[in-house]
Amino acid sequence: MVSNSLPDRHSGLPATWQQELADAVSDPVELLDLLGLRPDQLDPGGLDGLRAAAVTFPLRVPRSFVARMRPGDPQDPLLRQVLAASVELQDAPGFTSDPLEEAAARRAPGLLQKYLGRALMVTTGACAIHCRYCFRRDYDYAADTGLERRWEEAFRTLAASPDVEELLLSGGDPLSLSNARLESLFARAAALPQLRRLRIHTRNPIVLPSRVDNGLLALLARSPLPVVVVVHANHAAEIDEEVRDALQRLRGTGAQLLNQSVLLAGVNDDVDRLADLSCSLFDAGVLPYYLHAPDYVRGTAHFHVDDERARCLVRDLAARLPGYLVPRLAREEPGKPGKTLLLPAG
Ligand code: SF4
(Lines give C-alpha, C1' and ligand atoms only; values in the text may rest on other atoms or scores of the structure.)
Protein backbone atom coordinates (compact mmCIF):
# COMPACT_ATOMS: atom_id res chain seq x y z
CA MET A 1 0.00 0.00 0.00
CA VAL A 2 1.41 3.35 -1.01
CA SER A 3 1.33 6.12 1.56
CA ASN A 4 -0.73 9.03 0.28
CA SER A 5 1.40 11.70 1.88
CA LEU A 6 4.90 12.57 2.94
CA PRO A 7 5.72 12.43 6.65
CA ASP A 8 5.29 15.77 8.37
CA ARG A 9 8.81 17.12 8.93
CA HIS A 10 8.05 18.21 12.47
CA SER A 11 5.93 15.42 13.92
CA GLY A 12 7.04 12.48 11.74
CA LEU A 13 3.34 11.60 11.26
CA PRO A 14 1.84 11.48 7.75
CA ALA A 15 1.28 15.06 6.62
CA THR A 16 -2.12 16.24 5.46
CA TRP A 17 -2.27 17.96 2.10
CA GLN A 18 -2.81 21.25 3.91
CA GLN A 19 0.44 20.71 5.87
CA GLU A 20 2.24 19.82 2.66
CA LEU A 21 0.96 23.01 1.07
CA ALA A 22 2.10 25.09 4.02
CA ASP A 23 5.50 23.40 3.84
CA ALA A 24 6.01 24.01 0.09
CA VAL A 25 9.39 25.37 -0.99
CA SER A 26 9.28 29.10 -1.76
CA ASP A 27 12.93 30.12 -1.49
CA PRO A 28 15.15 29.50 -4.54
CA VAL A 29 18.17 28.97 -2.28
CA GLU A 30 16.42 26.15 -0.47
CA LEU A 31 15.25 24.58 -3.73
CA LEU A 32 18.76 24.62 -5.18
CA ASP A 33 20.24 23.28 -1.93
CA LEU A 34 17.82 20.37 -2.02
CA LEU A 35 19.01 19.58 -5.55
CA GLY A 36 22.73 20.22 -4.99
CA LEU A 37 22.82 23.08 -7.52
CA ARG A 38 24.34 26.57 -7.49
CA PRO A 39 22.44 29.72 -8.64
CA ASP A 40 25.01 30.48 -11.36
CA GLN A 41 24.19 27.11 -12.98
CA LEU A 42 20.59 28.25 -13.46
CA ASP A 43 20.73 31.98 -14.11
CA PRO A 44 23.41 34.29 -15.49
CA GLY A 45 22.23 36.79 -12.88
CA GLY A 46 22.90 34.26 -10.10
CA LEU A 47 20.80 34.45 -6.97
CA ASP A 48 19.79 38.09 -7.65
CA GLY A 49 18.35 37.01 -11.01
CA LEU A 50 16.41 34.11 -9.48
CA ARG A 51 15.01 36.32 -6.73
CA ALA A 52 14.11 39.22 -9.05
CA ALA A 53 12.00 36.93 -11.24
CA ALA A 54 10.07 35.64 -8.25
CA VAL A 55 8.91 39.03 -6.97
CA THR A 56 5.64 39.32 -8.89
CA PHE A 57 4.99 35.57 -9.32
CA PRO A 58 6.66 33.82 -6.40
CA LEU A 59 8.37 30.46 -6.48
CA ARG A 60 6.18 27.73 -5.03
CA VAL A 61 6.67 23.97 -5.28
CA PRO A 62 5.58 21.09 -3.01
CA ARG A 63 8.38 18.95 -1.60
CA SER A 64 6.97 15.77 -3.08
CA PHE A 65 7.35 17.35 -6.54
CA VAL A 66 10.93 18.40 -5.75
CA ALA A 67 11.61 14.77 -4.79
CA ARG A 68 10.82 13.78 -8.41
CA MET A 69 13.56 16.06 -9.81
CA ARG A 70 17.04 14.76 -10.65
CA PRO A 71 19.57 16.12 -8.15
CA GLY A 72 22.51 17.94 -9.73
CA ASP A 73 20.76 18.47 -13.09
CA PRO A 74 20.19 22.15 -13.97
CA GLN A 75 18.23 21.04 -17.07
CA ASP A 76 15.80 18.86 -15.14
CA PRO A 77 12.41 19.21 -16.90
CA LEU A 78 10.46 19.46 -13.65
CA LEU A 79 12.81 22.06 -12.22
CA ARG A 80 12.54 24.09 -15.42
CA GLN A 81 8.76 24.33 -14.96
CA VAL A 82 8.96 25.90 -11.51
CA LEU A 83 12.20 27.82 -11.11
CA ALA A 84 11.78 31.57 -11.55
CA ALA A 85 14.62 32.92 -13.69
CA SER A 86 15.59 36.39 -14.86
CA VAL A 87 14.82 35.49 -18.50
CA GLU A 88 11.16 35.99 -17.49
CA LEU A 89 11.83 39.69 -17.03
CA GLN A 90 12.79 40.23 -20.68
CA ASP A 91 10.03 41.63 -22.86
CA ALA A 92 9.37 39.75 -26.10
CA PRO A 93 7.29 41.14 -29.00
CA GLY A 94 3.76 39.73 -29.07
CA PHE A 95 3.85 38.33 -25.51
CA THR A 96 1.27 40.02 -23.26
CA SER A 97 -0.32 39.60 -19.84
CA ASP A 98 -3.77 38.53 -21.19
CA PRO A 99 -3.11 36.84 -24.55
CA LEU A 100 -6.44 35.00 -24.43
CA GLU A 101 -8.34 38.23 -23.72
CA GLU A 102 -10.19 36.50 -20.91
CA ALA A 103 -11.36 39.83 -19.53
CA ALA A 104 -13.67 40.08 -22.57
CA ALA A 105 -15.25 36.69 -21.76
CA ARG A 106 -16.25 37.68 -18.22
CA ARG A 107 -20.00 37.34 -17.64
CA ALA A 108 -19.94 37.85 -13.86
CA PRO A 109 -17.19 38.05 -11.24
CA GLY A 110 -15.33 34.75 -11.53
CA LEU A 111 -17.47 33.48 -14.43
CA LEU A 112 -16.10 33.29 -17.97
CA GLN A 113 -17.94 32.07 -21.03
CA LYS A 114 -15.80 31.55 -24.10
CA TYR A 115 -17.62 28.73 -25.87
CA LEU A 116 -21.20 27.70 -26.53
CA GLY A 117 -22.74 25.46 -23.89
CA ARG A 118 -19.86 25.75 -21.43
CA ALA A 119 -18.97 28.22 -18.71
CA LEU A 120 -15.89 28.41 -16.52
CA MET A 121 -15.70 29.47 -12.88
CA VAL A 122 -12.47 30.89 -11.54
CA THR A 123 -13.00 29.45 -8.08
CA THR A 124 -9.72 30.45 -6.43
CA GLY A 125 -6.39 32.02 -7.27
CA ALA A 126 -4.47 29.50 -5.17
CA CYS A 127 -2.29 26.75 -6.65
CA ALA A 128 -0.07 24.18 -4.95
CA ILE A 129 2.63 24.92 -7.50
CA HIS A 130 3.52 27.99 -9.52
CA CYS A 131 4.16 26.97 -13.12
CA ARG A 132 6.33 29.58 -14.76
CA TYR A 133 4.53 29.24 -18.12
CA CYS A 134 1.06 29.74 -16.59
CA PHE A 135 -1.30 31.69 -18.87
CA ARG A 136 -3.04 33.16 -15.82
CA ARG A 137 0.14 34.31 -14.05
CA ASP A 138 -1.05 37.93 -14.35
CA TYR A 139 -4.78 37.25 -13.86
CA ASP A 140 -6.56 39.63 -11.49
CA TYR A 141 -7.77 36.95 -9.07
CA ALA A 142 -8.51 39.50 -6.36
CA ALA A 143 -11.40 40.84 -8.47
CA ASP A 144 -12.91 37.42 -9.06
CA THR A 145 -12.45 34.94 -6.27
CA GLY A 146 -12.40 34.37 -2.57
CA LEU A 147 -15.75 35.72 -1.52
CA GLU A 148 -18.84 33.57 -1.33
CA ARG A 149 -20.99 36.49 -2.44
CA ARG A 150 -19.06 36.59 -5.72
CA TRP A 151 -19.94 32.94 -6.25
CA GLU A 152 -23.55 33.91 -5.59
CA GLU A 153 -23.49 36.31 -8.50
CA ALA A 154 -21.85 33.73 -10.76
CA PHE A 155 -24.53 31.16 -9.89
CA ARG A 156 -27.30 33.72 -10.42
CA THR A 157 -25.90 34.34 -13.90
CA LEU A 158 -25.72 30.59 -14.56
CA ALA A 159 -29.31 30.11 -13.38
CA ALA A 160 -30.35 32.58 -16.08
CA SER A 161 -28.30 30.73 -18.74
CA PRO A 162 -30.32 27.71 -19.90
CA ASP A 163 -27.83 27.09 -22.73
CA VAL A 164 -24.94 26.25 -20.37
CA GLU A 165 -24.79 22.46 -20.06
CA GLU A 166 -21.30 22.07 -18.64
CA LEU A 167 -19.63 23.95 -15.80
CA LEU A 168 -15.84 23.98 -15.57
CA LEU A 169 -14.28 24.59 -12.18
CA SER A 170 -10.94 26.25 -12.74
CA GLY A 171 -8.63 28.70 -11.06
CA GLY A 172 -5.92 28.73 -9.86
CA ASP A 173 -6.55 25.18 -8.85
CA PRO A 174 -10.08 24.34 -7.64
CA LEU A 175 -8.66 21.47 -5.58
CA SER A 176 -6.90 24.11 -3.47
CA LEU A 177 -10.36 24.65 -1.95
CA SER A 178 -11.38 22.64 1.10
CA ASN A 179 -13.73 19.71 0.62
CA ALA A 180 -16.44 21.71 2.41
CA ARG A 181 -16.19 24.56 -0.10
CA LEU A 182 -16.11 22.13 -3.00
CA GLU A 183 -19.19 20.43 -1.62
CA SER A 184 -20.97 23.76 -1.59
CA LEU A 185 -19.97 24.38 -5.24
CA PHE A 186 -21.06 20.88 -6.23
CA ALA A 187 -24.44 21.31 -4.52
CA ARG A 188 -25.10 24.64 -6.23
CA ALA A 189 -24.09 23.19 -9.60
CA ALA A 190 -26.34 20.15 -9.10
CA ALA A 191 -29.28 22.48 -8.40
CA LEU A 192 -29.03 23.95 -11.92
CA PRO A 193 -31.36 21.77 -14.00
CA GLN A 194 -29.69 22.53 -17.33
CA LEU A 195 -26.24 21.28 -16.25
CA ARG A 196 -25.29 17.85 -17.59
CA ARG A 197 -21.60 17.69 -16.64
CA LEU A 198 -19.16 19.13 -14.15
CA ARG A 199 -15.56 19.44 -15.21
CA ILE A 200 -12.64 20.07 -12.85
CA HIS A 201 -9.37 21.39 -14.23
CA THR A 202 -6.65 20.64 -11.71
CA ARG A 203 -2.91 20.07 -11.43
CA ASN A 204 -3.10 19.06 -7.78
CA PRO A 205 -3.44 15.26 -8.25
CA ILE A 206 -0.11 15.44 -10.12
CA VAL A 207 1.83 17.91 -7.98
CA LEU A 208 0.24 17.22 -4.58
CA PRO A 209 -1.26 13.72 -4.74
CA SER A 210 -2.10 13.76 -1.03
CA ARG A 211 -4.89 16.19 -2.05
CA VAL A 212 -6.80 13.15 -3.32
CA ASP A 213 -8.06 12.39 0.18
CA ASN A 214 -11.02 10.31 1.28
CA GLY A 215 -13.27 13.36 1.64
CA LEU A 216 -12.65 14.39 -1.95
CA LEU A 217 -13.17 10.85 -3.22
CA ALA A 218 -16.49 10.60 -1.38
CA LEU A 219 -17.61 13.94 -2.77
CA LEU A 220 -16.83 12.90 -6.34
CA ALA A 221 -18.41 9.49 -5.92
CA ARG A 222 -21.74 10.91 -4.78
CA SER A 223 -21.94 13.76 -7.30
CA PRO A 224 -25.28 13.58 -9.09
CA LEU A 225 -23.63 15.21 -12.11
CA PRO A 226 -21.12 13.15 -14.12
CA VAL A 227 -17.64 14.49 -13.36
CA VAL A 228 -14.74 14.94 -15.75
CA VAL A 229 -11.36 15.58 -14.11
CA VAL A 230 -8.78 17.12 -16.43
CA VAL A 231 -5.36 16.84 -14.82
CA HIS A 232 -2.23 18.56 -16.05
CA ALA A 233 1.07 16.72 -16.43
CA ASN A 234 3.80 17.73 -18.86
CA HIS A 235 6.46 15.06 -18.36
CA ALA A 236 6.44 11.38 -17.44
CA ALA A 237 8.74 12.02 -14.45
CA GLU A 238 5.83 13.84 -12.80
CA ILE A 239 3.91 10.57 -12.56
CA ASP A 240 5.44 8.51 -9.78
CA GLU A 241 3.87 5.69 -7.79
CA GLU A 242 2.06 8.01 -5.39
CA VAL A 243 0.56 9.97 -8.30
CA ARG A 244 -0.52 6.77 -10.07
CA ASP A 245 -2.18 5.64 -6.87
CA ALA A 246 -4.01 8.99 -6.50
CA LEU A 247 -5.18 8.89 -10.13
CA GLN A 248 -6.43 5.36 -9.81
CA ARG A 249 -8.40 6.29 -6.70
CA LEU A 250 -9.88 9.25 -8.55
CA ARG A 251 -10.87 6.95 -11.37
CA GLY A 252 -12.50 4.64 -8.86
CA THR A 253 -15.08 7.35 -8.14
CA GLY A 254 -16.42 7.00 -11.68
CA ALA A 255 -14.90 10.28 -12.86
CA GLN A 256 -13.59 10.42 -16.41
CA LEU A 257 -9.87 11.30 -16.31
CA LEU A 258 -8.19 13.28 -19.09
CA ASN A 259 -4.88 15.10 -19.26
CA GLN A 260 -3.86 18.32 -20.85
CA SER A 261 -0.23 19.32 -21.28
CA VAL A 262 1.53 22.39 -22.50
CA LEU A 263 4.27 21.98 -25.10
CA LEU A 264 7.30 23.58 -23.46
CA ALA A 265 10.81 24.05 -24.80
CA GLY A 266 13.32 22.18 -22.67
CA VAL A 267 10.58 20.23 -20.89
CA ASN A 268 8.72 18.04 -23.38
CA ASP A 269 9.53 19.28 -26.91
CA ASP A 270 10.85 15.88 -27.89
CA VAL A 271 8.96 12.94 -29.36
CA ASP A 272 10.45 10.39 -26.93
CA ARG A 273 9.36 12.52 -23.98
CA LEU A 274 5.88 13.01 -25.39
CA ALA A 275 5.53 9.28 -26.03
CA ASP A 276 6.69 8.46 -22.50
CA LEU A 277 4.18 10.92 -21.11
CA SER A 278 1.25 9.46 -23.06
CA CYS A 279 2.16 5.89 -22.04
CA SER A 280 2.64 6.84 -18.38
CA LEU A 281 -0.71 8.61 -18.34
CA PHE A 282 -2.44 5.60 -19.83
CA ASP A 283 -0.80 3.30 -17.25
CA ALA A 284 -2.30 5.58 -14.59
CA GLY A 285 -5.78 5.42 -16.15
CA VAL A 286 -5.70 8.83 -17.85
CA LEU A 287 -6.18 9.59 -21.56
CA PRO A 288 -4.06 12.32 -23.20
CA TYR A 289 -6.53 14.97 -24.35
CA TYR A 290 -4.85 18.23 -25.39
CA LEU A 291 -1.28 19.26 -26.03
CA HIS A 292 -1.50 23.03 -25.92
CA ALA A 293 0.77 25.11 -28.05
CA PRO A 294 2.14 27.66 -25.61
CA ASP A 295 0.21 30.88 -25.23
CA TYR A 296 1.92 34.19 -25.85
CA VAL A 297 2.14 35.06 -22.15
CA ARG A 298 4.50 37.79 -21.02
CA GLY A 299 7.59 36.31 -19.34
CA THR A 300 7.31 32.90 -21.02
CA ALA A 301 8.99 33.39 -24.42
CA HIS A 302 11.83 31.04 -23.40
CA PHE A 303 9.32 28.16 -23.30
CA HIS A 304 8.03 28.84 -26.79
CA VAL A 305 7.97 26.14 -29.48
CA ASP A 306 7.02 27.33 -32.95
CA ASP A 307 3.92 25.89 -34.57
CA GLU A 308 5.69 24.05 -37.40
CA ARG A 309 7.97 22.23 -34.96
CA ALA A 310 4.96 21.43 -32.77
CA ARG A 311 3.19 19.89 -35.78
CA CYS A 312 6.26 17.80 -36.64
CA LEU A 313 6.47 16.49 -33.09
CA VAL A 314 2.83 15.44 -33.03
CA ARG A 315 3.05 13.85 -36.50
CA ASP A 316 6.04 11.83 -35.24
CA LEU A 317 4.10 10.90 -32.13
CA ALA A 318 1.14 9.74 -34.24
CA ALA A 319 3.50 7.56 -36.27
CA ARG A 320 4.50 5.59 -33.21
CA LEU A 321 1.45 5.50 -30.90
CA PRO A 322 -2.17 4.45 -31.33
CA GLY A 323 -4.50 7.37 -31.97
CA TYR A 324 -6.02 7.34 -28.48
CA LEU A 325 -2.58 8.12 -27.01
CA VAL A 326 -1.97 11.11 -29.28
CA PRO A 327 -3.23 14.35 -27.74
CA ARG A 328 -4.84 17.00 -29.92
CA LEU A 329 -2.42 19.79 -30.68
CA ALA A 330 -4.39 22.98 -30.10
CA ARG A 331 -4.19 26.63 -29.25
CA GLU A 332 -6.79 28.81 -27.63
CA GLU A 333 -7.40 32.00 -29.57
CA PRO A 334 -9.51 34.89 -28.34
CA GLY A 335 -12.92 35.23 -29.94
CA LYS A 336 -12.88 31.78 -31.60
CA PRO A 337 -15.87 29.44 -31.04
CA GLY A 338 -13.57 26.63 -29.82
CA LYS A 339 -9.90 25.72 -29.57
CA THR A 340 -8.00 25.92 -32.84
CA LEU A 341 -6.56 22.54 -33.83
CA LEU A 342 -3.06 22.98 -35.27
CA LEU A 343 -3.24 19.54 -36.91
CA PRO A 344 -6.38 17.94 -38.30
CA ALA A 345 -7.64 15.17 -36.03
CA GLY A 346 -6.11 11.87 -37.23
S1 SF4 B 1 -1.42 24.87 -11.54
FE2 SF4 B 1 -2.42 25.66 -13.40
S3 SF4 B 1 -3.29 27.66 -12.79
FE4 SF4 B 1 -1.77 27.06 -11.22
S5 SF4 B 1 0.16 28.01 -11.84
FE6 SF4 B 1 0.15 25.94 -12.72
S7 SF4 B 1 -0.72 26.20 -14.76
FE8 SF4 B 1 -1.23 28.05 -13.61
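Residue by residue through the stretch 133-144, note down the ones that are surrounded by fewer than 22 Cβ atoms within 10 Å (Cβ to Cβ) and either within 15 Å of the ligand (Cβ to nearest atom) or modelled with pLDDT of 90 or more (or both). So that I can check it myself, show each step before the final result.
Step one: list which residues in the stretch 133-144 are surrounded by fewer than 22 Cβ atoms within 10 Å (Cβ to Cβ), which gives 134-143.
Those that are surrounded by fewer than 22 Cβ atoms within 10 Å (Cβ to Cβ) and either within 15 Å of the ligand (Cβ to nearest atom) or modelled with pLDDT of 90 or more (or both): CYS134, PHE135, ARG136, ARG137, ASP138, TYR139, ASP140, TYR141.
Can you find a residue in the stretch 72-83 that is within 16 Å of ALA301 (Cα to Cα) and among the acidic types (Asp, Glu)? Lay out the reasoning, then the answer.
Taking the stretch 72-83 first, the residues within 16 Å of ALA301 (Cα to Cα) are 80-83.
If we keep only those that are among the acidic types (Asp, Glu) too, we end up with none.
Checking the stretch 72-83: not a single residue is within 16 Å of ALA301 (Cα to Cα) and among the acidic types (Asp, Glu).
Quick one: count up the residues across the stretch 108-132 that are touching a strand residue (DSSP E or B) at 6+ places or on another chain (Cβ under 7 Å) and either surrounded by fewer than 20 Cβ atoms within 10 Å (Cβ to Cβ) or closer than 22 Å to PRO28 by Cβ (or both).
4
Right, PRO288: surrounded by 18 or more Cβ atoms within 10 Å (Cβ to Cβ), in contact with a Ser or Thr (Cβ under 7 Å, 6 or more places away or on another chain) and modelled with pLDDT under 95 or not?
On the way: surrounded by 18 or more Cβ atoms within 10 Å (Cβ to Cβ): yes; in contact with a Ser or Thr (Cβ under 7 Å, 6 or more places away or on another chain): yes; modelled with pLDDT under 95: no.
No.
So which residues in the stretch 278-311 are among the aliphatic types (A, V, I, L, M) and part of a loop (DSSP other than H, G, I, E, B), if there are any at all?
Of all residues in the stretch 278-311, those among the aliphatic types (A, V, I, L, M) come to 281, 284, 286-287, 291, 293, 297, 301, 305, 310.
Once the filter is applied, which keeps residues that are among the aliphatic types (A, V, I, L, M) and part of a loop (DSSP other than H, G, I, E, B), the stretch 278-311 yields ALA284, VAL286, ALA293, VAL305.
Only residues in the stretch 270-291 that are among the β-branched types (Val, Ile, Thr) count as the first member; pair them with residues that are open to solvent by 60 Å² or more (accessible area, probe 1.4 Å) and in a helix (DSSP H, G or I), Cβ under 7 angstrom, at least 6 apart or cross-chain, and list the lot.
Short answer, once both residue conditions are applied: VAL271/ASP316.
Scan the stretch 128-142 and report the pairs whose first residue is among the β-branched types (Val, Ile, Thr) and whose second residue is within 8 Å of the ligand (Cβ to nearest atom), with Cβ atoms within less than 6 Å and a gap of 6+ or a chain change.
Within 6 Å, the pairs are ILE129/VAL207.
Does the stretch 160-171 include one or more residues that are touching a Ser or Thr at 6+ places or on another chain (Cβ under 8 Å), within 16 Å of the ligand (Cβ to nearest atom), at pLDDT below 95 and closer than 18 Å to ARG106 by Cα? Please lay out each step first, then the result.
Start the filter on the stretch 160-171 by keeping residues that are touching a Ser or Thr at 6+ places or on another chain (Cβ under 8 Å), which leaves 169-171.
Okay, now just the ones that are also within 16 Å of the ligand (Cβ to nearest atom), so 169-171.
Imposing the further condition that a residue be at pLDDT below 95 reduces the set to 170-171.
Now restrict to residues that are closer than 18 Å to ARG106 by Cα: 170-171.
Yes: the stretch 160-171 contains one or more residues that are touching a Ser or Thr at 6+ places or on another chain (Cβ under 8 Å), within 16 Å of the ligand (Cβ to nearest atom), at pLDDT below 95 and closer than 18 Å to ARG106 by Cα.
From (1) in contact with a helix residue (DSSP H, G or I) (Cβ under 9 Å, 6 or more places away or on another chain); (2) within 16 Å of the ligand (Cβ to nearest atom), pick out the condition that doesn't hold for ALA218.
Unmet for ALA218, out of (1) in contact with a helix residue (DSSP H, G or I) (Cβ under 9 Å, 6 or more places away or on another chain); (2) within 16 Å of the ligand (Cβ to nearest atom): (2).
Here's the yes/no breakdown for (1) at pLDDT below 90; (2) within 13 Å of the ligand (Cβ to nearest atom); (3) part of a helix (DSSP H, G or I):
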position	(1), (2), (3)
PHE65	no, yes, yes
GLY72	no, no, no
GLN81	no, yes, yes
GLY94	yes, no, no
LEU116	no, no, no
ALA119	no, no, no
CYS131	no, yes, no
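Which one is farthest from TRP17 (Cα to Cα), of the residues in the stretch 51-63 that are open to solvent by less than 10 Å² (accessible area, probe 1.4 Å) and part of a loop (DSSP other than H, G, I, E, B)? I'd like the intermediate steps shown before the answer.
Start the filter on the stretch 51-63 by keeping residues that are open to solvent by less than 10 Å² (accessible area, probe 1.4 Å), which leaves 53, 59, 61-62.
Of the ones still in play, those that are also part of a loop (DSSP other than H, G, I, E, B) are 59, 62.
Values: LEU59: 19, PRO62: 10 Å.
Within the stretch 51-63, the match that is farthest from TRP17 (Cα to Cα) is LEU59.
With respect to ALA237, determine if the residue is farther than 30 Å from ALA160 by Cα, at pLDDT 95 or above and within 16 Å of the ligand (Cβ to nearest atom).
Details: farther than 30 Å from ALA160 by Cα: yes; at pLDDT 95 or above: yes; within 16 Å of the ligand (Cβ to nearest atom): no.
No; evaluated as a whole, the condition is false for this residue.
Considering only the stretch 243-277, state which residues are in a helix (DSSP H, G or I) and buried (at least 21 other Cβ atoms within 10 Å of the Cβ). Show your work before the answer.
Initially, the stretch 243-277 is screened for residues in a helix (DSSP H, G or I), giving 243-251, 271-277.
Once the filter is applied, which keeps residues that are in a helix (DSSP H, G or I) and buried (at least 21 other Cβ atoms within 10 Å of the Cβ), the stretch 243-277 yields VAL243, ALA246, LEU247, LEU250, LEU274, LEU277.
The values are calculated or read from the model by the stated rules, or taken from the named source; none is laboratory data. Quick caveat: nothing in here was measured; it's all calculated off a predicted structure. No Cβ is skipped: glycine too gets one built from the backbone with ideal geometry, and neighbour counts run over all protein chains shown. Note: areas computed on protein heavy atoms with side chains; ligands, DNA, RNA excluded. Shrake-Rupley method; radii C 1.70, N 1.55, O 1.52, S 1.80 Å.
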